[in-house]
Amino acid sequence: MWLLITNVAILSPLYQQVTVWSLAICTICIIWRVGIYLGKVARPPRWLVTALAFFSAMTLAMVANKIGVLTALINLLILGYALKYIEMRSRRDVQVVVLAGYFLIALTFLQQQSVWSSLHLLLVTLINTCVLISLYHDENNFKYAATLGTKILLQSVPLAIILFIVLPRLPPLWMVPPQGTAKTGLSNTVSFSNITELTRSSELAFRATFVGGYQPINANLYWRALVMEDYDGKQWQQNVSITAAENAFVDKTSPKEPTRALSMSSVSMGDLDSDTALSYSVIAEPSGQHWLFGLDRATSQDKGVKMLADFRLYATTPIEQQKLYNVTSFTNANLQVELPLAQQQLNLRLPEGQNPRTRALAQQFAKHYPNAEDRLTAMMRYFTEQPYFYTLRPPPVGKQQIDDFLLNNKAGFCVHYASAFAFMARATGMPARLVSGYQGGEYNQAAGYFSIYQYMAHAWVEVWLADRGWVRFDPTAMIAPERIEQGFDAFFDPQQSYLADSPFGYLGLQSSEFIKQLRMQFASIDYFWSVWVLGFNTNKQQRVLEEVLGEVTRTKLAILLIVSLGIVGLSIAYSAGLIQFHRSNDKHLNAYYAVCKLLKKSNLAREYNEGPQAYNQRVGLALPALAADFNKFTDYYIAIQYQVLNKKAQKRLSRLLIKQSRRLKFIIIKQKLALNKTNT
């Protein structure tokens, strides 16, 4: 029965990696195994299993480029596990299946480390362990195997905690190579369509915790992720100089010439006002990208986090697992007061012949407002003076996108308004660019952190002004101020956006206070798991060890490890009956009772009113293989306890009793294991 359960259990957390054909073969194998269990079908011939394995391997090799090499290898392992499952003929085959199951569990854990995935894998580990117990133990009982399996896993918890705290953090050893699968999140291009797709996603993007429990207002939470400087009339995208600079951090063979990104290293941190600094930590969810998130102007000294010239943070490796990093933002700092001529020209560039009516409108602003800041204020005010409407389902636009939106449809979302504002600013001679990221955050009062979801994706504009640098302008705040000041839910109906595809949306439970509190409690658990388990980096490990050891040295670490492992080992040995702790000072009595206690575990407990001879006879009848040795042991014990002996005889019998006690304990454990195998 355990074998039938464990196959489904081990494959369940791998459903995202399993291809359709692999899933079909696994299903056939499970059904076949059930047929074998019920006696309805025979085991498949070896040639059939071998042929299936060969053709499966060939098929996966042919599609490896399409699904990714790692995914192909995982599918190959899964198919091998499933085929071995129906090919089992002996105990050794079951052992192979169990060990392969543990390997698949470990492989899954490298990819899925959230608290809920970990609990799921813990349950799968318990089921796989129960298979091992049923293989070796004579108690062929479902409840007994479950109880003993749980007991074994609980005994391993202290050892796991000690190793988790003491062993050095080695991130590169635990990294899983990218699988080439798409993930949700921001794109390096922004158009009138891609942001609105994110507003239908309720997936978590990242979480942020401010030092000292500081809670910024929603309107100040502009999480910078990407800066777009190239506009072709259809979409905004990063300039090639920035992407080349990003690649310089990833590609070790990149050119040595200074780039826009590397020039950031020349910026002195002394230029920043520490009085306006905001310190916080961010836990980014897996995105498969290098982009990180931070408030203006974000800096980080963490290893593997770089600061780019467009004031963004960038990870040197793709974010394939949760990534914790620390940020200090200087919110009042100017962004690039001096702008090189080439960069000015880049941020003034507009596609030829595009949006002539918007250009004409921009020239009117330039004519009536010669001062740059007055002109920008008038442009922002223009959105409130005209009947514009903020919607996630804007009407379609033609080739002249901005003309159609700004002067005809007058309905759109953040990208529409930001694109129009940046276009007009450039048309009047002011360098402007688009910034994409997230705006706002949901504050978890119980745990004290912000959750930022994909539906909070946003786009705004930066215009460069002399003596002030890049200044943020958000036209959305003029059309839908509730969206910026109070959050996404204050303006949009969740059922029409990120809950449209959710069962909570269908059932109308999103407004339930109980559901909301329950969701926040689960989120808090997941957050603390991320901070204290997944985010247990070298710095946190050092702080914990200093609390325990004071000054941390290799000698103290070695002593801590040896003592801890010793305590765990003694506990397990005591539980298994390998060692005994006695209250009596009579070593002969202790030796006798130690053997009796082992026999008790074999359902041969000595009765309270049962004498040594009577107990010896009962043991001899129940365990004939042990009869001779136990009879000799009983004779030694009776002689020492009840006969008058001289000193020499007393010493000789004492030595023989202790020796026989050790021999019996070894034999009992050995015979018990052999008996278990036989019964299984």
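The values are calculated or read from the model by the stated rules, or taken from the named source; none is laboratory data. These numbers were taken from a predicted model, which means no experiment stands behind them. Cβ sites come from the backbone with ideal geometry, for glycine too, and all protein chains shown count toward neighbours. Just so you know, the surface numbers come from the protein's heavy atoms only, side chains and all, with ligands and any DNA or RNA stripped out. Shrake-Rupley method; radii C 1.70, N 1.55, O 1.52, S 1.80 Å.
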Suppose we filter Lys234, Lys256 for residues that are in a loop (DSSP other than H, G, I, E, B) and either closer than 21 Å to Thr476 by Cβ or modelled with pLDDT of 85 or more (or both); which single one remains?
Lys234
Checklist (1) at pLDDT below 85; (2) open to solvent by less than 50 Å² (accessible area, probe 1.4 Å) applied to Tyr506, failing item:
(2)
Complete set of residues in segment 290-307 that are closer than 18 Å to Asn188 by Cβ and in contact with a Lys or Arg (Cβ under 8 Å, 6 or more places away or on another chain):
Trp291, Leu292, Phe293, Gly294
Close pairs from segment 107-118: first over 20 Å from Leu70 (Cβ atoms), partner open to solvent by less than 40 Å² (accessible area, probe 1.4 Å) and in a helix (DSSP H, G or I), Cβ under 9 Å, at least 6 apart
Val115/Asp526; Val115/Ser530; Trp116/Asp526
Restricting to segment 395-413, and then to whatever is of a type in the set (Gly, Ala, Ser) and outside any loop (DSSP other than H, G, I, E, B), can you tell me which residue is surrounded by the most Cβ atoms within 10 Å (Cβ to Cβ)?
Gly412
Does segment 416-437 contain any residue that is under 31 Å from the mean Cα position of the chain (by Cα), closer than 30 Å to Arg519 by Cβ and not β-branched (Val, Ile, Thr)?
yes
Residue under evaluation Ser187, criteria (1) surrounded by fewer than 15 Cβ atoms within 10 Å (Cβ to Cβ); (2) at pLDDT 75 or above; (3) over 20 Å from the mean Cα position of the chain (by Cα), criterion not met:
(1)
Among the residues of segment 72-85, is there at least one that is open to solvent by 50 Å² or more (accessible area, probe 1.4 Å), touching a residue at least 40 places away in the same chain (Cβ under 8 Å), in a helix (DSSP H, G or I) and farther than 18 Å from Gln17 by Cα?
no
Within segment 518-537, count every residue that is more than 18 Å from the chain's Cα centre (by Cα) and modelled with pLDDT under 80.
1
Check on Tyr615, under 60 Å from the mean Cα position of the chain (by Cα), hydroxyl-bearing (Ser, Thr, Tyr) and open to solvent by less than 50 Å² (accessible area, probe 1.4 Å):
yes
Given (1) within 20 Å of Ala160 (Cβ to Cβ); (2) at pLDDT 80 or above, index of the condition Leu621 fails:
(1)
Whichever residue in segment 464-495 is open to solvent by 40 Å² or more (accessible area, probe 1.4 Å) and among the basic types (Lys, Arg) and, among such residues, is farthest from Gln439 (Cα to Cα)
Arg468
Count of residues meeting criterion [in contact with a Leu (Cβ under 7 Å, 6 or more places away or on another chain) and either open to solvent by less than 50 Å² (accessible area, probe 1.4 Å) or in a strand (DSSP E or B) (or both)] in segment 329-340
3
Whichever residue in segment 138-147 is of a type outside the set (D, E, K, R) and exposed (fewer than 15 other Cβ atoms within 10 Å of the Cβ) and, among such residues, is modelled with the highest pLDDT:
Thr147
Selection from segment 1-32 of residues that are β-branched (Val, Ile, Thr) and surrounded by 16 or more Cβ atoms within 10 Å (Cβ to Cβ):
Thr6, Ile10, Val18, Thr19, Ile25, Ile30
Inside segment 374-390, the number of residues satisfying the requirement of being surrounded by 18 or more Cβ atoms within 10 Å (Cβ to Cβ), over 20 Å from Asn408 (Cα atoms) and within 46 Å of the chain's Cα centre (by Cα) is 1
Name the pairs whose Cβ atoms lie under 9 Å apart, with the first residue in segment 149-173 and within 23 Å of Leu135 (Cβ to Cβ) and among the basic types (Lys, Arg), the second modelled with pLDDT of 85 or more and open to solvent by 60 Å² or more (accessible area, probe 1.4 Å), and 6 or more positions between them or separate chains?
none
Please specify each residue of segment 90-137 satisfying the condition of being of a type outside the set (Val, Ile, Thr), crowded, with 20+ Cβ neighbours inside 10 Å and closer than 27 Å to Arg207 by Cβ.
Leu121
Counting only residues that are touching a Leu at 6+ places or on another chain (Cβ under 7 Å) and assigned to a strand (DSSP E or B), which one in segment 451-463 is most open to solvent (accessible area, probe 1.4 Å)?
Tyr453
Sort out which residues of segment 148-162 are surrounded by fewer than 14 Cβ atoms within 10 Å (Cβ to Cβ) and of a type in the set (Val, Ile, Thr), and write them in order of number.
Thr150, Val157, Ile161
Does Ile640 meet the test of being within 24 Å of Tyr136 (Cα to Cα), buried (at least 16 other Cβ atoms within 10 Å of the Cβ) and either modelled with pLDDT under 85 or not aromatic (Phe, Trp, Tyr) (or both)?
no
Only one of Val124, Val157, Val166, Val97 that is β-branched (Val, Ile, Thr) and modelled with pLDDT under 85
Val166
Which residue pairs have Cβ atoms closer than 7 Å, lie 6 or more positions apart in sequence or on different chains, and pair a first residue in segment 377-394 that is in a helix (DSSP H, G or I) with a second residue that is of a type in the set (Ser, Thr, Tyr) and crowded, with 17+ Cβ neighbours inside 10 Å?
Phe383/Tyr417
Residues located in segment 534-550, provided they are open to solvent by 50 Å² or more (accessible area, probe 1.4 Å) and of a type in the set (A, V, I, L, M)
Leu534, Val548
Search result, residues across segment 280-314 that are farther than 24 Å from Val471 by Cβ, assigned to a strand (DSSP E or B) and in contact (Cβ under 8 Å) with a residue 24 or more places away in the chain
Ser281, Val282, Ile283, Ala284, Lys306
Kindly establish whether Asn603 is of a type in the set (S, T, N, Q) and part of a helix (DSSP H, G or I).
no
I'm trying to understand the selection: among the residues of segment 33-60, which are open to solvent by less than 70 Å² (accessible area, probe 1.4 Å), part of a helix (DSSP H, G or I) and free of Cβ contacts under 8 Å to residues at least 12 places away in the same chain?
Gly35, Leu48, Ala51
Of everything in segment 341-365, what is surrounded by fewer than 16 Cβ atoms within 10 Å (Cβ to Cβ) and touching a residue at least 24 places away in the same chain (Cβ under 8 Å)? Give them in sequence order.
Gln344, Arg349, Pro351, Pro356, Arg357, Gln363
